[in-house]
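Here the structure comes first, spelled out in structure tokens, and everything after it is commentary.
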Amino acid sequence: MAGDILEELKAKEEEMEALINDSKKRAAIIREAAVKNAREIKGAKIREIDAELKKRAEIFEEDMRREIEKIEAEGIDREEDLKSRGEAGREKAIEEVMKVLSGE
């Protein structure tokens, strides 16, 4: 009788160890799947962030290009204005010199 109980307890112990080992294997598989999933999510987020950064960089570059064009156009307008003022001033100075030289 005592031998039967010991054998039964031994069988239960082995059964429990098998269940524990099976649970450990399943936990390892779940853990590996979770790590893989986390890596995939991280990779997807990185690609998403990279795409957003690229998009923002393109928008920034376009804005800068427009601003440069605007500044260049303003510079050309200013140059033309200063040039015409300078020419008008030069013509006026020449007229004054001619008046003085002609005795007017």
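The values are calculated or read from the model by the stated rules, or taken from the named source; none is laboratory data. Model, not experiment: these values are computed from the prediction. Virtual Cβ from ideal backbone geometry, glycine too; neighbours counted across all protein chains shown.
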Flagged pairs (Cβ under 9 angstrom, 6 or more apart or on separate chains; first in the stretch 86-104, surrounded by 10 or more Cβ atoms within 10 Å (Cβ to Cβ); second modelled with pLDDT under 80 and acidic (D, E)) are M98/E104
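Would you call A18 at pLDDT 95 or above, under 37 Å from the mean Cα position of the chain (by Cα) and small (G, A, S)?
On the way: at pLDDT 95 or above: yes; under 37 Å from the mean Cα position of the chain (by Cα): no; small (G, A, S): yes.
It is false that A18 is at pLDDT 95 or above, under 37 Å from the mean Cα position of the chain (by Cα) and small (G, A, S).
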